[in-house]
1. Using only the alpha carbons of the range B:242-289, determine the length spanned along each of the three principal axes and report them from longest to shortest in whole angstroms.
2. With viscosity set to 0.692 mPa s and temperature to 37 °C, compute the Stokes-Einstein D of the range A:174-270, Rh being the Kirkwood radius across alpha carbon pairs; µm²/s, no decimals.
3. What's the FRET efficiency of residue B:334 with residue A:220 using the Cβ-Cβ distance as r and R₀ = 41 Å, to the nearest 0.05?
4. Partner chain Cβ atoms within 10 Å, averaged over the residues of A:156-162 - can you pull that number for me?
5. Could you grab the Rg to Rh ratio for the range B:277-361? Cα atoms only, Kirkwood for Rh.
6. In 5 Å bins starting at zero, report the fraction of Cα pairs in the range A:59-338 per bin as a rounded %.
7. Would you mind ranking A:119, B:218 by Cβ crowding within 10 Å, fewest neighbours first?
8. Ignoring everything except DSSP H segments at least 4 long, calculate the 222 nm mean residue ellipticity for chain B; use -39,500 (n - 2.57) per segment, divide by total residues, nearest 500.
């Protein structure tokens, strides 16, 4: 198949571009031996990958990529919540992934008693209320405490939400209801897929557009930017810190609720631990894109979603699908070492 | 301090063997009683909690990699001690293990496989395996520490958490099956009950299964206390209080952070080995981030920066979750016919997490804050010792008093 040649060419092109960049920026990589070794490794991996691809059909590749994009979009919706909160409070909101899981559970319980058209808005509303309450009860009292205490409080909330979910569901995996439109199948590029897979990236782009408009054009958006720039000064300037922080939690929770509807339509079972891993991955996406930056978080999330699905889709004889979660964290560590501020983040300066 | 430890070990041994020599002891002192589960698990967890406190509370490095290092320790111990004749059975999916022998078998070849020789071989093999478990965890901590210790507070937390997840994935990889048994559990290695002294027919003569974890963790905790009271310990605390000032005082930040990280991981690895002995198996999927969170919450409840606090909190936590609050998980109907609402499976953990949230929010200093428990005979020393064995003694005493309460409760019920 043509793909093999194309992928090897792509590896060569990337290395060419990389060496080109480094010629003008010699500080990045001083060791040409290291670079050529990297190139050879990259080439070898590409050859193996394409070898594996040749055995599969183009349709398979497309379906893997499509589902990667959709998983990425769902991570993006969670990642925005992380990046907004971190940008303003400098807090890794460990409970955010569990809020996402609780939203999924509410989706199950609400659709059991009312029509879907009513239950989805209600899920979003109640999730927003949950996020708002968590902030008021667990984070607000610790506003002046050391950062570590707030993070511990977040871990405590996450523990509480998981245990409550275990209590309410009885620890059994719950089946997510099929939403008529989203779960129906459609044929794209010769592969059958669900509507949700196609719809997710579009919806994400729309929501991100609206959110950037909110942040760039409105008064509350301006306040959010000010607070993330300098907490103390904006407080002195008369910005109502608490309402700004509540707003970020409201936006984050609403997006997480939307994300949960999309995510769990694809993954039929919800367990109390279902939120932890997507939550951590979304956080990694936020770090990857540069914490505090919304486009960064979205791009990072898409990248992680696609890579993860590719790893899961590799031939089963390689036995690498167990690394689909580990890959995300390896990426995190590489990013933290090479470019701690992320793709679009601003370099933080510590004043002594 | 050594005196208190000896006293504690003596009490544990007597408690454990009371039912053996005096017939008609109450249920709570029988070997199957939850008291001994609590004591064993508490001893294991207190070592891990103290090692986490060394890092988070005394050096100010917020690390969430504890479960990963415990996993390394547990697997090292398990791989090194599964007896040669058990290997084919344990690794049946992979046609036997890559490692054909075990430490116990190696020592057995020297000291003999019968009677006292067998006992010596087992003790030596197990002790060496536990220490090696710590060493493997420490080695990996060194490798991991090189890149991640440059990171600041919450980035460090998330990077170490990520490393724990990566390690977990590697140990579940089927390709490593001949060593790690893939995603299946390793079992069949010596556990705490292997230390009970038996006669030739397998009848238990003298129980040591609670004594062993207490011995290992009190020695380790004692070593940590000595470290904290040394000049290194003071350097750790100064780094926690102010990095820039301590650097100005000539303390090498990278060296001391690395030292604290490696030592803490060493003891976590040993704790992991003890944990494998306690649950009698090693399986990667047990060591999730939830385990780290649990240990972190124990440390917070005990007081960040207090060794005795960590130990007391561990025993309280374990006793509540394994014993005292168990009744919350089953339905209860009072004698008047009133069915107590809410009680059903899982309610215990909800109550538990609410209590923890209350402590985190309103009593953020925990049980002990950064103070230590003082007992007569120790506070008079010139070097202010901060002791954990006192904490353990207190926890043990508490456990004993509760033993009495429990027995009276049972009479009422």
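1. 49, 18, 13
2. Values: Rh = 15.9 Å.
Answer from the Stokes-Einstein relation: 206 µm²/s.
3. Working: r = 53 Å, r/R0 = 1.29.
Plugging the Cβ-Cβ distance into 1/(1 + (r/R0)^6) gives 0.20.
4. On the way: counts 12, 3, 4, 11, 7, 1, 5.
Mean shielding count: 6.
5. Value, to two decimals: 1.06.
6. For the range A:59-338, the pair-distance distribution reads 1, 6, 12, 17, 19, 17, 13, 8, 4, 2, 1, 0, 0.
7. A:119, B:218
8. Values: 16 runs with 259 residues, N = 413.
Dividing the helical sum by the residues of chain B leaves -21000 deg cm²/dmol.
Every number here is computed from the coordinates shown, using simple stated rules; none is lab data. Since this is a predicted model, take the numbers as computed values, not measurements. So basically every Cβ, Gly included, is an ideal-geometry build from the backbone, and we count neighbours across all protein chains shown.
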